[in-house]
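Peer 1: Input: one structure, supplied below.
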Amino acid sequence: MAMAAAVVVVGGGLCGGLVALELAALGLEVVLVEGTEPAATELSYGLMPLPAALPWLRLQLRHGPLGLRCRWLRLHSAAEPAASVPWLDRLPLPAAQVEAPLFLAALPAALAAAGVRVLPAQVRGPLQPGPGGWRLALEPAPAAGGGARGSAADPGLEAAQVVLAAGGGCRQLWPALAPGLQTSWAGVLELAEAPPRGLCWPAELTVPRRFQRPALERQTLAPGPLAWVVDAGLVPSADRWLAGQISLVGAEAAVGAQAPDTPQPDPAAMEERLRQGLSGLSPALAGAPARYRQVPVTFSPTATPLVGPVGGAPGLWVLSGFSAAFSQVPQQALRLAQAIAAAAADSVQ
Ligand SMILES: Cc1cc2nc3c(=O)[nH]c(=O)nc-3n(C[C@H](O)[C@H](O)[C@H](O)COP(=O)(O)OP(=O)(O)OC[C@H]3O[C@@H](n4cnc5c(N)ncnc54)[C@H](O)[C@@H]3O)c2cc1C
């Protein structure tokens, strides 16, 4: 017999984790299904302007430390030297950061304390309506050493309300989310050792004064061929240093008006492009020993994230496609949880 819950959240990254906590705080019975796809949250810099840290302070007061800290950052102009203002390039500016590995390490205990049940499984798409709402077919997540975690038989999962917070997996679960929700691939180098201090000095980290990624995302309003940019930067996060970031969108063969998902690119080609792009910031960084990693990242070509009910699918909700996720998700997860709680209350009256 299928297991039942009032609300199922699909995805255990930034979006899924925070909306599950908010739903549980509103008294709803929540199951979070976390799959095996790579999570953008895991590789994220987690940076945001200082005022955006206020909702994170609220979350930390309720759930304990979630990786929030204050940083000094330097904005460099390596990609556009003509626009460089030397004193500005050396001015340390305050910023907030949620160190992603610390956030993801703290999340399971926070979810358990809030009463959220976590199921390690992959939800098969596309979703199907079921009795009383939705019926989710599950594939058990593989265990660390191979084999399946938990029982082999899939009892399925039924829920009146389902939240799509599966990042790059959202479109596979509900294909009609395209073209408003697109997926890019983002890659970084995880450095084998700490970089020379001078690269960020007098700050702790450095990122471009102007990121090229937003313009790349807007290009996908029309289907197009593969295109990439490197926004060279160097960011510490927990016990690691990330040098990035390369962003790639488009498809080799874009057909029709609906942009297809960006296919997973060849990691070796992506690493080479990223290292080339980093050489403008520092030749030493471009050649540094490191492990290259890439993940899918969802975005909205109009820079308007998808938050709310999914049209034509009662009981289905989405939280995805943020361009400034760490700034925006805490507030948007709270609003979405309130809307779902109101819909759940209406349905029992
Ligand atoms: C290098 C890099 C740097 C970044 N820097 C910043 C930054 O400084 N500031 C900022 O605000 N944003 C930044 N971002 C973007 C930000 O990290 C993402 O927008 C955000 O983490 C997305 O969170 P998410 O929960 O939507 O998706 P994800 O973190 O991708 O989580 C989705 C989860 O869903 C699960 N899943 C997928 N399909 C299924 C399925 N079928 N069944 C069950 N589970 C499933 C996956 O396993 C995954 O855990 C950065 C991203 C990258 C890659």
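Peer 1: Hey, can you tell me all the residues within segment 61-78 that are surrounded by 19 or more Cβ atoms within 10 Å (Cβ to Cβ) and small (Gly, Ala, Ser)?
Peer 2: Gly67
Peer 1: Which residues, taken from segment 33-50, are outside any loop (DSSP other than H, G, I, E, B) and either surrounded by fewer than 17 Cβ atoms within 10 Å (Cβ to Cβ) or not aliphatic (A, V, I, L, M) (or both)?
Peer 2: Once the filter is applied, which keeps residues that are outside any loop (DSSP other than H, G, I, E, B) and either surrounded by fewer than 17 Cβ atoms within 10 Å (Cβ to Cβ) or not aliphatic (A, V, I, L, M) (or both), segment 33-50 yields Glu34, Thr41, Glu42, Leu50.
Peer 1: Ok, one more. Restricting to segment 235-250, name every residue that is touching a Ser or Thr at 6+ places or on another chain (Cβ under 8 Å) and away from the ligand (no atom under 12 Å from the Cβ).
Peer 2: Val249, Gly250
Peer 1: Go through segment 280-316 and count every residue that is in contact with a helix residue (DSSP H, G or I) (Cβ under 6 Å, 6 or more places away or on another chain), over 30 Å from Arg69 (Cβ atoms) and at pLDDT 95 or above.
Peer 2: 0
Peer 1: What about Trp56, is it of a type outside the set (S, T, N, Q) and loosely packed, with under 15 Cβ neighbours inside 10 Å?
Peer 2: Answer is no for this residue.
Yes/no per residue for (1) within 10 Å of the ligand (Cβ to nearest atom); (2) open to solvent by 70 Å² or more (accessible area, probe 1.4 Å); (3) touching a residue at least 12 places away in the same chain (Cβ under 8 Å); (4) assigned to a helix (DSSP H, G or I):
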| residue | (1), (2), (3), (4) |
| --- | --- |
| Val31 | no, no, yes, no |
| Ala52 | yes, no, yes, yes |
| Ala82 | no, yes, no, yes |
| Leu88 | no, no, yes, yes |
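Peer 1: In the list Leu59, Leu28, Leu91, Leu75, which residue meets the criterion of being on the phi < 0 side of the Ramachandran plot, under 21 Å from the mean Cα position of the chain (by Cα) and not charged (D, E, K, R)?
Peer 2: Leu59
Peer 1: Another question, if that's okay. Condition test on Ala110, is it small (Gly, Ala, Ser) and in contact with a His (Cβ under 6 Å, 6 or more places away or on another chain)?
Peer 2: Yes.
Peer 1: Being at pLDDT 95 or above and within 15 Å of the ligand (Cβ to nearest atom) narrows it down to one residue among Gly27, Gly11, Gly64; which is it?
Peer 2: Within the list Gly27, Gly11, Gly64, the selection yields Gly11.
Peer 1: Tell me which of these Ala112 doesn't satisfy, since it passes every other one: (1) in a loop (DSSP other than H, G, I, E, B); (2) modelled with pLDDT of 90 or more; (3) of a type in the set (A, V, I, L, M).
Peer 2: Condition (1) is where Ala112 drops out.
Peer 1: Kindly indicate which of Glu204, Glu193, Glu217 is within 16 Å of the ligand (Cβ to nearest atom) and surrounded by fewer than 20 Cβ atoms within 10 Å (Cβ to Cβ).
Peer 2: Being within 16 Å of the ligand (Cβ to nearest atom) and surrounded by fewer than 20 Cβ atoms within 10 Å (Cβ to Cβ) holds for just one of Glu204, Glu193, Glu217, which is Glu204.
The values are calculated or read from the model by the stated rules, or taken from the named source; none is laboratory data. This is a predicted model, so every value here is computed, not measured. Glycine also receives a Cβ, built like all others from the backbone with ideal geometry; neighbour counts cover every protein chain displayed. All accessible areas refer to the heavy atoms of the entire protein, side chains included, with ligands and DNA or RNA removed. Shrake-Rupley method; radii C 1.70, N 1.55, O 1.52, S 1.80 Å.
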